[in-house]
Amino acid sequence: MDENEVMKTKRKKSYYIILAGVIVCACILVGLVAVAIYQYQSTHDFPQPIADKDIQAEIKDINAGRTSHYVKIDWKHWKAVNSNIVAWVYVPGTPINYPVMQAKKSDPTYYLTHDIYNSWNVYGAAYIDCNCTPNSMDVIIFGHHFGMDNTAGFSEFINYKNINYMKKHPIVFLFTPDSTRLLPVRAAGTVNGGSDTKQTGFTDQTQLSQWYMTNYNAATTKLPNHKGETISQVFLFVTCSYSTENERTLVYAVNTKD
């Protein structure tokens, strides 16, 4: 065998070794993603969704200060799973029905890649910005969106850019161990993920209202605010969009007092 033939044989061997390595890595990656999807979509002990016929009765009960009849969250169980679970977000008529984690300043993006069981998971978990709590004047809640055909995570929130969808799903339920909040959705829009638009740490109602109205007026889709109401909190639900590179969808819901 001449030198050229030897070189060709070596190149073929190298090629097959590299190909085998790529195949093995791909199989491992597929397996990890499959496990992550299974863990994320598991509904063990998740509250059952409210039937359409019961939604208005549920809203009436909660507004009257009565205990929720239809959404039962076993806080003792979930706090034992992870003490960083501080809330639960639920949007009737959508797959959004998830525990919400509290991010820590020591590792603010931890739940982008870890689930509620503190396991690595490509789906991550919904989480509140480390500079907020469920009782802050502005509460920023992040969740993943994995593509147009995927309804997991916060994927459904991108549909709020459609006014008809917003009208059909006008309320976000936010549960905590000691409260239930009905949050009317008021606006939705998009920003570049690299833009410096996040603001936290409001100190008074006037400052919050000014910030909210600026963003409300800039939103691409919105429902009317109610005359005479006082907005005590603004909840900002954030997820990825794919209309442009590095785009984010923002959905504004409010806690109000008429």
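Since every read-out is calculated from the coordinates, none of them should be taken as a lab result. Please read all numbers here as calculations on a predicted model, not as lab measurements. For neighbour counting, all protein chains shown are included, and Cβ atoms are generated from backbone atoms with ideal geometry for every residue, glycine included.
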- Karplus 3J(HN,Hα) series, Hz, for region 234-240 with 6.51 cos²θ - 1.76 cosθ + 1.60 (x for Gly, Pro): 10, 9, 10, 9, 10, 8, 6
- Which ³J(HN,Hα) values, rounded to whole Hz and listed in residue order, are derived for region 94-108 from phi using the Karplus coefficients 6.51, -1.76 and 1.60 in 6.51 cos²θ - 1.76 cosθ + 1.60 with θ = phi - 60°, glycine and proline given as x? 9, x, 6, 7, 9, x, 10, 8, 9, 5, 10, 5, 6, 7, x
- Task: Subtracting the Cα-Cα distance from 0.36 nm times the residue separation, let me have the gained length for LEU112 to LYS167 in nm, one decimal.
- Result: 16.8 nm
- Message: Quick check on my link table: of LYS167/LYS198; LYS104/LYS222; LYS72/LYS104; LYS60/LYS161, which ones sit more than 30 Å apart, alpha carbon to alpha carbon?
- Response: LYS104/LYS222
- For region 42-257, size of Cβ-based charge dipole, Lys and Arg +1, Asp and Glu -1, in debye: 500
- Query: Exposure proxy check: CYS130, CYS240 ranked by fewest other beta carbons within 10 Å?
  - Reply: CYS130, CYS240
- Task: Identify the trypsin sites (Lys or Arg not before Pro) of region 86-161 meeting these criteria: DSSP loop state and at most 12 other C-beta atoms within 10 Å of the C-beta.
- Result: LYS105
- Do any chymotrypsin sites (Phe, Trp or Tyr not before Pro) in region 215-253 lie in a loop, going by DSSP, with at most 13 other beta-carbon atoms within 10 Å of their beta carbon, and if so which? TYR242
- Contact order normalised by residue count of region 42-257, Cα under 8 Å, 6+ apart, percent: 18
- Can you put MET137, MET213 in order of Cβ neighbours within 10 angstrom, beginning with the fewest? MET213, MET137
- Task: Among GLU58, GLU229, rank each residue by its count of other Cβ atoms within 10 Å, from fewest to most, as a rough exposure measure.
- Result: GLU229, GLU58
